[in-house]
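Asks: Below: one structure in C-alpha cells.
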Protein chains: 2
Amino acid sequence: MGNIKTVKAEILAIGDELLYGQIIDTNSHWISQELDKIGVKVVQRTTVGDNREAILAAFKAAEQRADIILMTGGLGPTNDDLTKPLLAEYFDCEIKLVPEALEAVRTFFEKRGRELTDLNKFQAHLPTKCTYVPNEVGTAPGMWFEENGSVWMSMPGVPHEMKKLMEDFVLPKVKEIFPLPIIYHKVIKTVGIGESWLADLLKDWEKNLPEHVKLAYLPSLGQVKLRLTAFGDELESLQNDVENQIELVMPIIGKYVFGYNKETLEEAIGRMLKQAGKNVAFAESCSGGYISHLITTIPGSSEYFQGGLIPYHNHFKNKLLGVDEATLAEKGAVSEETVIQMAENVKGMFESDFGLASSGIAGPGGGWAEKPVGTVWIACASERGTITKRLQLTQDRMLNIQLTAVAVLNMLRLVISGKTE
Amino acid sequence: MGNIKTVKAEILAIGDELLYGQIIDTNSHWISQELDKIGVKVVQRTTVGDNREAILAAFKAAEQRADIILMTGGLGPTNDDLTKPLLAEYFDCEIKLVPEALEAVRTFFEKRGRELTDLNKFQAHLPTKCTYVPNEVGTAPGMWFEENGSVWMSMPGVPHEMKKLMEDFVLPKVKEIFPLPIIYHKVIKTVGIGESWLADLLKDWEKNLPEHVKLAYLPSLGQVKLRLTAFGDELESLQNDVENQIELVMPIIGKYVFGYNKETLEEAIGRMLKQAGKNVAFAESCSGGYISHLITTIPGSSEYFQGGLIPYHNHFKNKLLGVDEATLAEKGAVSEETVIQMAENVKGMFESDFGLASSGIAGPGGGWAEKPVGTVWIACASERGTITKRLQLTQDRMLNIQLTAVAVLNMLRLVISGKTE
C-alpha cells in the first residue's frame, strides 16, 4: 500500500426534511461504512436544505476536499427538489430527455399499474454531462459525473434505492477508477464481557499485532465487536494474517466469542440449535416477550423455537407454570428458587431441550433495599441440570429488558456449547 | 412574527468514528428537531473527523452561515480529541484550570467509587473565553462562547449527556438571547389508515387551514402523525387556533386518532385500559412475543397486562391453548377459526377482559398460493364477542411482525373504545 494516495470522499445529503429533523438520515452512515470497507476515506459529511445558494456552495466546498462526492436526495419531481437543475448549472450544461431513462420510468409505472404523469416524465430529463445510471427500484435515475477533477454521483434519498445504486454501480466503479489499498476486515463478535475487561485480556496480543493489522473495539448493548483490519497488496495474504491473529486470540477470549462479521447473537443461537438438533422455550417475566421476539425475527426459527410463556403475575406463574405458591410467597417472584422452577417447568410445558427463564424488577418502580430496580434472576434448564445467575442491571426499564435478553441468550449459548463451568 | 429575523443554526459533529461509520450520529437529528420546535432554522449539518485543518475550516464556514453553532464530540481526555484545544486556538485564548469544574469531575468520580486520573483532571481545564457549563451526567463539561458574532456551544458526543446540556442550558439560553417567533406545535397520532387515504379525507379541511397554521404528514410503520404548527405573536391564541382546527378535523378522522404529541400506541392502550379498569392477554403466533414486548416496555404495564402465550407450533396451540385439533387440521393455523379460538382461550387462560391473537405467515418461507407470505389473521375476544380481521402484508419478515403488532394493538384500541362497527 506504500505508494497509494489516500482517496477522499465527501457525502452530501440534500433536503429540508433532514435539517428540520422530520426524517432521519440513515444514508450517510451506511455510505460511510461501505466506503470505509473499500479503503476510501470519508473526510466530511454535509447536510444542506433545498436552497440554491447552500447547495452550490456545498458542491464547491466538497470539490476542494474530495475525490469522490456522493449525493443523496433532492431528486423528487417537484419544484422543491433542486439537485438536478443545480448540477446542470454547476457543470454548465443543459438538461435533455434521455430516451432510455424515459423507457425505464414508463416500464416502472406500467408494472405497478400506475399512470405516467408529466412530472414523472421529467425524471427522464438529465444534465447532458452526466452518465445515466438506471434505478431499477425507483423513478429517479442515478447521475454520474466526472468533472472538475472529482467524480460525482447523485442518488435518490430513499434508502433502498440508494443502496442498490451504490452496490450495483458506485462501489464497483470507484474500485475500478481509483487505486485503492487492498483491505481485509473481519469482525469477532463477543458477548458477556465489558470493553475494558476485554481490553485488559487482550493487552499483550494487541501489542504484538503486526504493523499492518489494526484493531477496533465497537461496543454495543452487552456485546463488544472486535474489528480486525489488515492493509496490504494482496488479499489472500491479508486473510491469512488476520486468520492467524484470530487463532492466537481465541484461546484467550474464545469463551466470549459467538460469531463473526454480521452474525447476530440470535442468529448464532439459531445456528447452534440447528447444528445440535435441539430446541428451546422461554418463560419470560421481566423480559416480557422480548427474548421470544428476538429469536423469532430469524427466518426458519420455527425449526428450533417451541414457544414461550409470559406469566406477568405470580398467580399465573403458579397456575400456568406450576411454580410453588410457597416459593412465591416465601422467596418472592424475583428469586433463584422461582426462576429455577420457571425454567424447568417451561421446558416440560413446551417439551423442549432447553428451558430458560427471567424474573426481575425492570423498573422504574417496584424496587426495595434488598432487591433494587435492576435485580434480575435468570435460569437455564437442560438435561444436564439447571444453572442460574443473578444480574444487577440499571435504573432504565428498556435497558434492563434488553440486557436481560442478552444475558439469557448468552446463558443458552454457553449451555449449548458446554462452556459453562 | 412579521419583523423577526430568521435565526440560523449549524450543527457540527466531530469524530473519526462518525465518518468511518463506526458510530451512528443520532445527536444531529435530535438537535435538528429541538431547534425546529423553537423556531430556529438549521441551515447546515456538518460532520468532520479528528483533524485540525478540517475542524478549523468547519468553524470558519459555520460562523459565516449561522448565528448559533452547536458542536458535539471530540471532548474525550485523549490526544485524538481536538475540539477544546482548537476552540482555544480559534478564539485565541489560553486553556486554564476551572476549580469549579475540577470539583465537579472529582465528585462525579467519587460517587462512582473510581479514582481521578490526570487525564480526567485535564477535563476541568477550559478555554478562558468560554463560560463553563456543568455536565451533571458525565465528565466533559459544556463550553459556551459568544464570539465573532455567533454563539457557540461545545457538548460531549454521548447522547444523554448532550441532551441534558441542551435541555437544561442551551435551549433556554437560545430562547433568552434571540427574538424567536412564537410557535405552537401539536401532533395528532393516527393508526389504521395510510397517508394517501388520510390526505384524501383531509383535503377540504387542509385547504381551509388558516394561513399561519401549517400541516405536515409524518408517516411511520402503520401510523401517520399529523403535525400542526402555528406561527404568530401570542402563544395562547395560537393554542386556540390549533385546538379549533383539531375540533374541526376530529369528526372526519376521529376513528383513527389514538393520541397526541409523544404518546405511543402502546402508551395509549395502557392509558385506555387503566381508565376502563380492564386488562389484557395475548396469544402470539406469527408476532412471536413482539406485542407483549411492546406492551411491557411501558412502566406500570403490570397493572393491565396479565401475560401472554407464544404457541409457535400447532401442537402447542392445541395442547396449551385448547385450539381444536380438527380446526387446525381442516382450516389450518392461519385461519379465522383458529385465531378466534386462540383469542377466546387466551382470555380464559389469563382471566383477562380482552384476549387477542395473531397467526400468520411471516416469511420469507412458508407461503403458498392460497395463503401467500404476509397473510395474517388477528382476533380480539371480549365480553361483547370476538372480532377478526385478515391482513395481507409484505414479503419482509420483520415488517410483517411489526405491522401485525400495530394491527392487533389498533384492534384492541377500537374494541376498548367501542369504535368497531
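Asks: Kindly list, by first and then second residue, each pair from a residue in segment B:180-207 that is assigned to a helix (DSSP H, G or I) to a residue that is of a type in the set (Phe, Trp, Tyr), limited to pairs with Cβ atoms under 8 Å and residues at least 6 apart or on different chains.
Replies: Pairs found: B:GLU195/B:TYR217; B:LEU198/B:TYR217; B:LEU198/B:TYR256; B:ALA199/B:TYR217.
Asks: Here are some conditions: (1) in contact with a Ser or Thr (Cβ under 6 Å, 6 or more places away or on another chain); (2) more than 9 Å from chain A (Cβ to nearest Cβ); (3) crowded, with 24+ Cβ neighbours inside 10 Å; (4) modelled with pLDDT of 95 or more. B:VAL42 meets all but one. Which one does it not meet?
Replies: (2)
Asks: Is it fair to say B:ILE291 is under 25 Å from A:ALA362 (Cβ atoms) and assigned by TED's automatic domain parsing to the domain that holds B:ARG384?
Replies: So B:ILE291 passes the test.
Asks: Identify all residues within segment A:296-306 that are within 26 Å of the chain's Cα centre (by Cα) and in contact (Cβ under 8 Å) with a residue 12 or more places away in the chain; write none if there are none.
Replies: Scanning segment A:296-306 gives A:THR297, A:ILE298, A:GLY300, A:SER301, A:GLU303, A:TYR304, A:PHE305.
Asks: Could I ask something else about it? Please indicate, with yes or no, whether at least one residue in segment A:195-215 is surrounded by 17 or more Cβ atoms within 10 Å (Cβ to Cβ) and more than 30 Å from A:LYS8 (Cβ to Cβ).
Replies: Scanning segment A:195-215 turns up at least one residue that is surrounded by 17 or more Cβ atoms within 10 Å (Cβ to Cβ) and more than 30 Å from A:LYS8 (Cβ to Cβ).
Asks: Next question, about the same structure. Taking segment A:373-421 on its own, how many of its residues are surrounded by fewer than 16 Cβ atoms within 10 Å (Cβ to Cβ) and in contact (Cβ under 8 Å) with a residue 40 or more places away in the chain?
Replies: Total meeting the criteria: 3.
Asks: Shifting gears a bit: Answer yes or no: is there a residue in segment A:224-241 that is free of Cβ contacts under 8 Å to residues at least 24 places away in the same chain and outside any helix (DSSP H, G or I).
Replies: Scanning segment A:224-241, I find no residue that is free of Cβ contacts under 8 Å to residues at least 24 places away in the same chain and outside any helix (DSSP H, G or I), so the answer is no.
Asks: Restricting segment B:326-368 to residues that are charged (D, E, K, R) and in contact with a Lys or Arg (Cβ under 8 Å, 6 or more places away or on another chain), which is surrounded by the fewest Cβ atoms within 10 Å (Cβ to Cβ)?
Replies: Applying the filter and picking the extreme gives B:GLU336.
Asks: Restricted to segment B:386-421, and to residues that are part of a loop (DSSP other than H, G, I, E, B) and not hydroxyl-bearing (Ser, Thr, Tyr), which residue is nearest to B:VAL257 (Cα to Cα)?
Replies: In this case the residue turns out to be B:LYS419.
Asks: In segment A:342-354, which residues are outside any loop (DSSP other than H, G, I, E, B) and more than 23 Å from A:LEU399 (Cα to Cα)?
Replies: Matches in segment A:342-354: A:GLU344, A:ASN345, A:VAL346, A:LYS347, A:GLY348, A:MET349, A:PHE354.
Asks: May I ask you to list the residues in segment A:333-369 that are away from every other protein chain (no Cβ under 14 Å) and closer than 17 Å to A:LYS389 by Cα?
Replies: A:SER335, A:GLU336, A:GLU337, A:THR338, A:VAL339, A:ILE340, A:GLN341, A:ALA343, A:GLU344, A:PHE354
Asks: Next up: Going through segment B:302-327 one residue at a time, which ones are among the hydroxyl-bearing types (Ser, Thr, Tyr) and within 8 Å of chain A (Cβ to nearest Cβ)?
Replies: Matches in segment B:302-327: B:SER302, B:TYR312.
Asks: With the structure loaded, tell me whether A:ILE23 is assigned by TED's automatic domain parsing to the domain that holds A:ALA13 and part of a loop (DSSP other than H, G, I, E, B) or whether it fails that test.
Replies: The answer is yes for A:ILE23.
Asks: Out of (1) surrounded by fewer than 18 Cβ atoms within 10 Å (Cβ to Cβ); (2) closer than 19 Å to A:SER32 by Cβ, what's the single condition that is false for A:SER154?
Replies: In the conditions (1) surrounded by fewer than 18 Cβ atoms within 10 Å (Cβ to Cβ); (2) closer than 19 Å to A:SER32 by Cβ, A:SER154 misses (1) alone.
Asks: Mind checking which residues of segment A:25-80 are within 30 Å of the chain's Cα centre (by Cα), acidic (Asp, Glu) and farther than 18 Å from A:LYS163 by Cβ?
Replies: A:ASP50, A:ASP67
Asks: Please go through (1) among the aliphatic types (A, V, I, L, M); (2) over 27 Å from A:LEU35 (Cβ atoms); (3) surrounded by fewer than 16 Cβ atoms within 10 Å (Cβ to Cβ) for A:ILE95 and return the number of the only condition it doesn't satisfy.
Replies: (3)
Asks: Right, something else. Kindly indicate which of A:SER292, A:SER237 is of a type in the set (Gly, Ala, Ser) and within 14 Å of another protein chain (Cβ to nearest Cβ).
Replies: Only one candidate qualifies: A:SER292.
Asks: Mind telling me which of the residues A:LYS175, A:LYS163 ends up being of a type in the set (D, E, K, R), over 28 Å from A:GLU103 (Cβ atoms) and not in a strand (DSSP E or B)?
Replies: Exactly one of A:LYS175, A:LYS163 is of a type in the set (D, E, K, R), over 28 Å from A:GLU103 (Cβ atoms) and not in a strand (DSSP E or B), namely A:LYS175.
Asks: So if I check each of A:GLU195, A:GLU176, A:GLU136, A:GLU146, which one is under 22 Å from A:LEU238 (Cβ atoms) and of a type in the set (Asp, Glu)?
Replies: Only one candidate qualifies: A:GLU176.
Asks: Test each condition in (1) charged (D, E, K, R); (2) touching a strand residue (DSSP E or B) at 6+ places or on another chain (Cβ under 8 Å); (3) away from chain A (no Cβ under 11 Å) for B:ARG52 and report the one that comes out false.
Replies: Every condition holds for B:ARG52 apart from (2).
Asks: Determine whether A:PHE145 is in contact with a helix residue (DSSP H, G or I) (Cβ under 8 Å, 6 or more places away or on another chain) and either at pLDDT below 95 or closer than 25 Å to A:GLU34 by Cβ (or both).
Replies: Criteria met by A:PHE145.
Asks: Give me the pairs, please: first residue somewhere in segment B:20-36 and facing another protein chain (nearest Cβ under 8 Å), second residue anywhere and among the aromatic types (Phe, Trp, Tyr), beta-carbon distance under 6 Å, and either six or more positions apart or on two chains.
Replies: Partner pairs satisfying both residue conditions: B:ASP36/A:TYR20.
Asks: Just name the residue that is farthest from the other protein chains (Cβ to nearest Cβ) out of those in segment B:371-385 that are assigned to a strand (DSSP E or B) and out of contact with any Cys (no Cβ under 7 Å at 6 or more places or on another chain).
Replies: Within segment B:371-385, the match that is farthest from the other protein chains (Cβ to nearest Cβ) is B:GLY385.
Asks: Conditions first: (1) hydrophobic (A, V, I, L, M, F, W, C); (2) more than 19 Å from B:GLY288 (Cα to Cα); (3) outside any loop (DSSP other than H, G, I, E, B); (4) free of Cβ contacts under 8 Å to residues at least 40 places away in the same chain. B:TRP368 passes all but one, so which condition is the exception?
Replies: The number of the failed condition is (3).
The values are calculated or read from the model by the stated rules, or taken from the named source; none is laboratory data. Worth saying up front: this structure is predicted, and the values here are computed from it rather than measured. Quick reminder, even Gly has a Cβ in these numbers, built from the backbone with ideal geometry, and neighbours come from all protein chains shown.
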